[in-house]
1. Looking only at the range 248-257, count how many residues are surrounded by 18 or more Cβ atoms within 10 Å (Cβ to Cβ) and either outside the structural domain of residue 390 (by TED's automatic domain parsing) or under 11 Å from residue 332 (Cα atoms) (or both).
2. Looking at the range 169-191, can you tell me whether even one residue there is among the small types (Gly, Ala, Ser) and closer than 30 Å to residue 337 by Cβ?
3. Pairs, please: C-beta under 9 Å, at least 6 apart or cross-chain, first residue exposed (fewer than 12 other Cβ atoms within 10 Å of the Cβ) and in the range 14-35, second modelled with pLDDT of 95 or more and hydroxyl-bearing (Ser, Thr, Tyr)?
4. Looking at residue 306 and the list (1) more than 30 Å from residue 47 (Cα to Cα); (2) without any contact (Cβ under 8 Å) to a residue 24 or more places away in the chain; (3) in contact with a Gly (Cβ under 8 Å, 6 or more places away or on another chain), which single condition is not satisfied?
5. Of these, 58, 54, 106, which one is away from ligand 2 (no atom under 16 Å from the Cβ), surrounded by fewer than 21 Cβ atoms within 10 Å (Cβ to Cβ) and in contact (Cβ under 8 Å) with a residue 40 or more places away in the chain?
6. Could you tell me which numbered condition residue 62 fails, if it satisfies all but one of (1) over 22 Å from the mean Cα position of the chain (by Cα); (2) within 16 Å of ligand 1 (Cβ to nearest atom)?
7. Taking the range 142-167, which residues are more than 25 Å from the chain's Cα centre (by Cα) and more than 26 Å from residue 120 (Cβ to Cβ)?
8. Take residue 100 and decide whether it is at pLDDT below 95 and either more than 14 Å from residue 28 (Cα to Cα) or surrounded by fewer than 19 Cβ atoms within 10 Å (Cβ to Cβ) (or both).
Amino acid sequence: MTLDTGYVVKTNINKIFRQMPVLLHQLDIELTERCNYGCIHCYINRPSGDREALRRELDTAQVKRILDEAAAIGVLTVRLTGGEVLLRRDFAELYLYARGLGLRVLIYTNGSLITPELADLFARVPPLEKIEITSYGMHAESYEAVTTVRDSFKDFRRGIKLLLERRIPFLVKGMLLPQNINEVEVFDAWAKTLPDMDSAPSYDVTVTMRGRRDSDAKNKMIERLRAAPNQVLPVVSRDREAYLKEMKSFCSQFLGPHGDKLFTCGAGSSSVSVDAYGTLQPCMKLRQPGMGYDLKSGTITDALTKVFPHLKEMRATNPDYLARCAKCFLRALCEQCPAMSWMETGTLDTPVEYLCQATHAKAVDLGLLDLGEKGWEVSNWKERIDRMSPAREIPISHQSKGEKDL
Ligand code: SF4
Ligand code: SF4
């Protein structure tokens, strides 16, 4: 029922949703692939002055048109990311435009390009989402061994200071790499001193290959930066109680074989991402040519209603995938997906060994598997999932394996 009191119109929220052609709460926009850092692990970065990238990037008017449509179809939050978003000369203009449309703005940045003027802008017109800043190390030596830019640690700390001085909400998160793996405790202790950190900082522990498959040399380097499961597990589960609680809830809801369906996530429906050149991708990581939709000549609504729905029908054909991932009850625990497969192998349906090993180690740690067992060979998987019921204890012998045996 709609109640019209003259100046306020009350209406049923379900009615509004029914009138929307698509339901998309967040839109990711990668404003540039360029970055002022040259991080050794980065899956996307191009040099800050890269002419070809600059020539192809969406211009201000094109980004504004995308923001207009996002607001019109009911998007609540736009995540602006890169590369380094603050390299865009028109960043402040685009930010203000998005906020003027009523959109919340989630900014992913390395923090080093925050200026007093920009911090003042965030204080005056708050983004309404905590700014997310990745830290690459707790000392100049470790930080700059990752970013490869001299004095970048100083710039990062200056950016943080500017936000702190103006009480602008932000959180910090880490990227686990050999250069900083011994600094987890220091990072946690520092994060605790920050006003908006409600819990220990999260770590990105998955080191992905180049998203555009544009450099074998870089991919070889990236591969060498990957930590072994017995190094990763103690970090991701360092708040053991919270970790087990989260894992139990997740596993008891989502584990089980997914069959040959390729896309079992929200790619192309609940999550889509605009790349720096105006291609709407089904998700931020999936850059396989031909999978995207050109927003310079089309709309988000058309992509979501006419183009991307076919993704749900796509099936794997690779025999290795069908013998393993299709039958594996750990599928939801594993980061294996078409995008990861594409980055790693150039196909959409090849099991990624790096992710497979990490998932098996995690499953042993949680008591879902015994050492040496394979997720796709387990027939009593329902019983195993039952072990993850929030009411049941995970045996201590399994809990300690994450740190010792894997
Ligand atoms: S700061 Fe981020 S985008 Fe820039 S090089 Fe490092 S990881 Fe890549
Ligand atoms: S754990 Fe291995 S087999 Fe299972 S879904 Fe992941 S990559 Fe596939």
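The values are calculated or read from the model by the stated rules, or taken from the named source; none is laboratory data. The model shown is predicted, which means the values in this text are computed figures rather than measured ones. For neighbour counting, all protein chains shown are included, and Cβ atoms are generated from backbone atoms with ideal geometry for every residue, glycine included.
1. Selection size over the range 248-257: 2.
2. yes
3. 25/77
4. The single condition residue 306 does not satisfy is (3).
5. 106
6. Looking at each condition in turn, residue 62 falls short on (2).
7. 150
8. no
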